[in-house]
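The structure appears right after this line, and notes come after that.
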Amino acid sequence: ERKELHRLRREPTRTRDGHDIQLHANAESREDVAEAHALGASGIGLYRTEFLFLQRHELPDEEEQFRAYRDVVLGMSGRPVTIRTLDLGADKADRTGLALRDEPNPALGLRGVRLSMARSGLLDTQLRAALRASGYGPIRILVPMVTSREEIATVRTRIKLIGRDLRTQGYEIADYVPLGAMIEVPAAAIALPGYIGKLDFLSIGTNDLVQYLLAADRNNEALAELYTPLHPAVIRLVRDVIRLAHARGKSVAVCGEMAGDPAFTPLLLALGLNEFSLHPGTLLEVRRRIRECDLATLKKRVPALMRARDRSDIEAWVARACAD
Ligand code: PEP
Ligand code: MG
């Protein structure tokens with residue numbers, strides 16, 4: 001069994017009926033990047049930069065961030081690296097004093113792009129470091145916790161200005177760095193038609209999307225039954241986002257834990273997903289599951305999936321899809 005999985009490192013990620021699927025890796029350490037590369041990941045779909053800011057008292061400067069991002073880019077030898085701007089807030093324990101302490105509702109507070117915009121020096125330093133790394137291989141910039149169009153417009157403007165500065169200072173950087181949004185706040189998913197034109201790509205963060213859509217804390221054990229992507233509202237919204245993105249020619253991935261669970265692979269394929277971003281530890285299992293799936297058969301079952309009324313209906317659909 002382990003041997004068989006190991007053999008899949010060199011195999012393409014392709015459904016039984018010949019559809020190629022991209023498997024990107026979520027990474028936050030050197031080890032993750034090395035593993036992603038070894039397993040044949042299509043790229044890094046989510047580089048969580050938070051870890052650079054945790055367990056320390058002073059902020060990493062531009063040089064330190066640049067070296068970290070450049071190393072990831074070099075580590076992936078030409079495959080695209082998606083650098084997510086800082087997603088810190090009172091929900092994560094940082095000691096730099098950056099995030100507010102004791103917010104009454106950390107998950108609904110000053111986190112992600114909200115914090116980056118409130119501390120503009122922070123965003124600019126991070127963007128400078130990331131853009132400098134673009135001189136070493138393809139990068140994309142991903143913005144967490146986007147709620148409104150203005151946030152993307154602001155980051156886009158900063159990227160343009162910082163890019164201009166860096167070129168003037170003699171840095172060789174990419175001509176263009178794609179900008180994407182995490183779709184994890186329900187409002188951002190619902191209002192997407194109004195600003196998708198401002199995005200180059202999208203990444204659906206189901207961990208937070210499920211939390212906010214179902215009003216169920218992702219870390220609260222008492223709500224574990226309720227906290228699940230197998231709710232008709234989640235399925236519907238994920239389907240709509242994927243559909244709209246593809247209709248507008250934009251790439252869209254799912255990068256929440258859901259993408260790394262092989263039980264959900266047929267469901268995501270049925271919803272039209274062709275890009276997954278997952279922890280490298282789950283990459284081969286998901287690749288194996290994709291290779292067992294017949295996309296045409298799954299698509300025929302989408303109407304039944306959309307008729308599901310509750311979790312148990314969706315569970316039954318999933319069980320059946322995994323059985324054949
Ligand atoms: C998500 O919310 O699904 C996600 C991938 O981001 P994080 O888990 O870092 O919040
Ligand atoms: Mg998130």
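What follows draws every value from the coordinates through simple rules; no lab data is involved. Predicted model only: the values in this text are computed from it and were never measured. Cβ atoms come from the backbone with ideal geometry, glycine included; neighbour counts cover every protein chain shown.
A Förster radius of 22 Å combined with the Cβ-Cβ distance from Asn207 to His246 puts the calculated FRET efficiency at roughly 0.45. Estimate the FRET efficiency between Glu172 and Arg30 by the formula 1/(1 + (r/R0)^6), using the beta-carbon distance for r and 30 Å for R0, to the nearest 0.05. So the FRET efficiency works out to roughly 0.75. Rounded to the nearest 5, the antiparallel percentage of DSSP beta bridges internal to the chain is 5%. In a DSSP loop and with at most 11 other Cβ atoms within 10 Å, the trypsin sites (Lys or Arg not before Pro) in region 260-311 are Arg307, Arg309. Computed over Cα pairs, the Kirkwood radius of region 251-324 leads via Stokes-Einstein (1.306 mPa s, 10 °C) to a diffusion coefficient of 127 µm² per second.
If you take the Cα centroid of region 1-62 and the Cα centroid of region 104-122, the two points sit 27 Å apart.
The distance linking region 280-306 with region 168-195 is 28 Å (Cα centroid to Cα centroid, whole angstrom). Cross-link reach is defined here as a Cα-Cα straight distance under 17 Å, omitting same-chain residues fewer than 8 places apart; for Lys3 none of the lysines meet it.
A convex hull fitted to the Cα coordinates of region 1-105 yields 149 cubic angstrom per residue. Available extension along the chain between Asp294 and Ala316 is 6.1 nm, counting 0.36 nm per residue and deducting the alpha carbon span. If R0 is taken as 41 Å, the Cβ-Cβ distance between Lys92 and Ala38 corresponds to a FRET efficiency of 0.90. Distance distribution note for region 42-182: the fraction of Cα pairs above 26 angstrom is 20%.
Looking at region 188-251, the pairs of alpha carbons with a distance over 17 Å make up 42% of the total.
Ratio of Rg to Rh for the chain: 0.96 [Cα atoms; Kirkwood radius as inverse mean 1/r over pairs]. A simple spin-label model places pseudo-atoms 7 Å from Cα toward Cβ; at Ala233 and Glu221 they are separated by 2.6 nm.
Listed by chain and number, the aspartates and glutamates whose alpha-carbon sits under 20 Å from that of Lys250, ignoring those within fewer than 8 places in the same chain, are Asp20, Glu150, Glu151, Asp175, Glu184, Asp200, Asp240, Glu275. Taking every full run of DSSP H in the chain, none both stretches at least 30 Å from end to end by Cα along its long axis and averages 1.6 or higher on the Kyte-Doolittle scale. Converting the Cα gyration tensor eigenvalues of region 197-295 into ellipsoid dimensions via √(5λ) gives semi-axes, longest first, of 21, 18, 12 Å.
Each peptide in 63-73, 23-33 receives the mean, over its residues, of other Cβ atoms within 10 Å, and ordering these scores from highest gives 23-33, 63-73.
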